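Engineer: Here's a structure for you.
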Amino acid sequence: MRIHLLVLMLLAFSAFAPAAHAQAAEVIPRPNRIEEGHGSFALNRNVRIVAPAGRRAQEIAAFLRDGIREQSGIELRTGTAARRPSIELRTNPSVHGEEAYRLTVTPQRIEIAAADDRGLFWGVQTLRQLLPTGRHATLAIPAVRIDDAPRYAWRGVMLDAARHFIPVALVKQQIDLLSRYKLNVLHWHLTDDQGWRIEIRKYPKLTSVGAWRTEADGSRSGGFYTQQDIRDIVEYARRRNVMVVPEIEMPGHASAAVAAYPSLSCPKQPIPVPATWGVFTDIYCAGDEATFAFLHDVLGEVAALFPAPYIHIGGDEVPKQQWTQSASSQQRMHDEHLPDVAALQSWFVQRIQRDLEARGKTLVGWDEILEGGADRNAVVEMWRGDAEAAKALANGNRLIVAGPFYLDTPIEELTTQDIYRIDPFAAPAYAGHEDQVLGAEAPLWSERVTPRNLEAMLYPRVLALAERLWNPDARDYADFQRR
Ligand code: ACM
């Protein structure tokens, strides 16, 4: 009897052992801590998914139910009352950390515990990766305990829908995949020289004119998202823990808008929507109040469509000849005591920033917004290198790093392994500024990317980025490849 008890106690203490190679938990991104247990949980139709009564928790339970049905064909029921065998989702404030979760699989039950809904959802995504593939009446899930949380809060991918339109279903599929690997931001580049892709009710020509271009062979190409498409995508992303951050480019990369409404540029000359790539001189006129009235209206519709607290306004690559040559812009510089056109750009961006802040939104911009001085409440997205990151950090801005992760770079020049090995925050520029670093994202500019090769450009490189940002301590590329 005594020996029996002792054996039981020993078993209880050694129920989970640190996994040397974690063969059992083939999860990407690699969880912070994995301990393998004994035995396995039998997942079959008698299992119930139990979750707290709140709307989001019930939605997450339904997401898990649907995922299990899709992956294995097993139909589970969801509910709020505890009942064994069960998969239990629990809110537990003792699981520390933003987005953190603890997943425990024993032969008796599966529990996902988290302090917040975001953590609960990531626990569900991990459990989905643990399910054996294939259709069986019962799946055996090996016992395991996983304690996990991300290192960086901003883990993103940027999709450029402006150079080549990305159909709604393909955008949703990417959201599904980002979410599967715990990336939580879709930065959606919606306007540029070669196309305006978002319906704005007050300015219908932005899409009736600005969304279409005539290619060199005479064909018409383009497309745009209706406001209903946008709402659908934002909701699809919300259910998957993904925040959609729209980018509305200004003051440059604005040719499509100028093609629709020529009065937005200083020369006010009609232009076609360009069908070639590069940087174009037709930009919004900083001297005209009408420009700001237009942008105020556009941003109002955008702010209403996207619940994210951030709006990206671009700000990169702004040739300023038109401002130099325009009487109204020169007058503006005189009135506002601005020494040069760089200062005029800074004034432009800060005026837009005040407009956004009045709507409760934080401005995000490419690192050029530092030129001429940036307000420290703006979030800077670094693309031109660590020197720009250093300027942003010294100025007190929060930072997103994109430069090392340009996925439009050919795959042979920036491989999955390269991305896995990049340690963007090791440079001296970041030392002592850890609190200002939100995270990173991988932009996929689409001059040479169409729906035919979009996924080939994204994957598997995005998986390496996902692991880099979630768990930078995972360094073993062979292990990553195996998973
Ligand atoms: C950029 O690549 N022009 C931000």
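The values are calculated or read from the model by the stated rules, or taken from the named source; none is laboratory data. In this text, all values refer to a predicted model and were calculated from it rather than measured experimentally. Neighbour counts run over all protein chains shown; Cβ positions are idealised from the backbone, glycine included. For the accessible areas, the whole protein counts, side chains as well, though only heavy atoms, and no ligand, DNA or RNA atoms are used. Shrake-Rupley method; radii C 1.70, N 1.55, O 1.52, S 1.80 Å.
Engineer: If I fit a long axis through the Cα atoms of helix 341-358 and take the longest principal axis of the Cα atoms of the chain, what angle between them do I get, 0 to 90°, rounded to 10?
Structural biologist: 50
Engineer: Also, I was wondering about something else. Percent of Cα-Cα pairs per 10 Å bin, from 0 to the last occupied bin, for region 310-429, please list those.
Structural biologist: Spelled out per bin, shortest first, that is 13, 36, 31, 15, 5, 0.
Engineer: Taking only DSSP H segments of four or more residues, each worth -39500 (n - 2.57), what value at 222 nm results for the chain once the sum is divided by all its residues, to the nearest 500 deg cm²/dmol? Please report the intermediate quantities before stating the final value.
Structural biologist: Values: 16 runs with 164 residues, N = 483.
Helices in the chain give a 222 nm mean residue ellipticity of -10000 deg cm²/dmol.
Engineer: Tell me the relative contact order for region 229-382 as a rounded percent, counting alpha carbon contacts under 8 Å between residues six or more apart.
Structural biologist: Details: 240 pairs, mean separation 36.3, N = 154.
Relative contact order, region 229-382: 24 percent.
Engineer: Bin width 10 Å, origin at 0, all Cα-Cα pairs of the chain: what percent of pairs per bin?
Structural biologist: Spelled out bin by bin, the chain gives 4, 18, 27, 23, 15, 8, 3, 1, 0, 0 percent.
Engineer: Considering only C-alpha atoms, what is the centroid distance from region 43-73 to region 217-282, in Å?
Structural biologist: 39
Engineer: Express the relative contact order of region 86-131 as a whole percentage, based on alpha carbon pairs under 8 Å and six or more residues apart in sequence. Present the calculation step by step, with values, prior to reporting the outcome.
Structural biologist: On the way: 90 pairs, mean separation 17.9, N = 46.
Answer for region 86-131 is 39 percent.
Engineer: Next question, about the same structure. Among 53-64, 458-469, what's the highest-first ranking by average C-beta atoms within 10 angstrom per residue?
Structural biologist: On the way: 53-64: 17.5, 458-469: 23.1.
Ranked from most to least packed, the peptides come out as 458-469, 53-64.
Engineer: Hey, another quick one. Show me the ranking of peptides 312-318, 33-39 by mean Cβ neighbours inside 10 Å, starting with the highest. Write out the running numbers ahead of the final one.
Structural biologist: Values: 312-318: 23.0, 33-39: 16.7.
Final packing ranking: 312-318, 33-39.
Engineer: Which value, in Å² rounded to 10, gives the accessible area of LYS205 with a 1.4 Å probe and all protein chains present?
Structural biologist: 100
Engineer: How would ASP217, ASP435 line up by accessible area, probe 1.4 Å, largest first? Provide the component values of the computation, followed by the final result.
Structural biologist: Details: ASP217 120, ASP435 150 Å².
Highest to lowest solvent-accessible surface, that is ASP435, ASP217.
Engineer: Counting Lys and Arg as +1 and Asp and Glu as -1, each charge on the Cβ, what is the dipole of region 40-110 about the Cα centre in debye, to the nearest 20? Walk me through the numbers on the way to the answer.
Structural biologist: On the way: 12 positive and 7 negative charges, 75 e Å.
About 360 debye.
Engineer: Among DSSP beta bridges whose residues both lie in the chain, state the antiparallel percentage, nearest 5. Walk me through the numbers on the way to the answer.
Structural biologist: Working: 24 of 68 bridges.
So the antiparallel bridges in the chain amount to around 35 percent.
Engineer: How far is the Cα center of region 469-483 from the Cα center of region 141-169, in Å?
Structural biologist: Using only Cα atoms, the two centres lie 16 Å from each other.
Engineer: I would also like to ask the following. Given a Förster distance of 56 Å, report the FRET efficiency between PHE292 and ALA62 from their Cβ-Cβ distance, rounded to the nearest 0.05.
Structural biologist: Numbers: r = 45 Å, r/R0 = 0.79.
Calculated value: 0.80.
Engineer: I've got another one for you. Counting only pairs 8 or more residues apart or on different chains, how many lysine pairs in the chain have their Cα atoms under 22 Å apart? Each step should come with its number before you reach the end.
Structural biologist: On the way: LYS172/LYS182; LYS202/LYS268; LYS202/LYS361; LYS205/LYS268; LYS268/LYS320.
For the chain, the number of qualifying lysine pairs is 5.
Engineer: Next question, about the same structure. Kindly provide the trypsin sites (Lys or Arg not before Pro) of region 111-171 that DSSP labels as loop, not H, G, I, E or B, and whose Cβ sees at most 14 other Cβ atoms within 10 Å. Each step should come with its number before you reach the end.
Structural biologist: Values: sites: ARG118, ARG128, ARG135, ARG145, ARG151, ARG155, ARG163; in loops: ARG135, ARG151, ARG163.
In loop regions of region 111-171 (DSSP not H, G, I, E or B), the sparsely surrounded trypsin sites (Lys or Arg not before Pro) are ARG135.
Engineer: Sorted by average packing, counted as other Cβ atoms within 10 angstrom per residue and highest first, what order do 370-378, 415-423, 251-259 take? Could you put the intermediate results ahead of the total?
Structural biologist: Working: 370-378: 18.1, 415-423: 15.8, 251-259: 26.7.
The most tightly packed comes first, giving 251-259, 370-378, 415-423.
Engineer: Separate question: At a threshold of 8 angstrom on Cα-Cα distance, excluding pairs fewer than six apart, so keeping six or more, what relative contact order does the chain reach in percent?
Structural biologist: Working: 1016 pairs, mean separation 64.5, N = 483.
In percent, rounded to a whole number, it is 13.
Engineer: Here is a further query. Between region 367-446 and region 295-310, how far is it from one alpha carbon centroid to the other, in angstrom?
Structural biologist: Centre-to-centre (Cα) distance: 25 Å.
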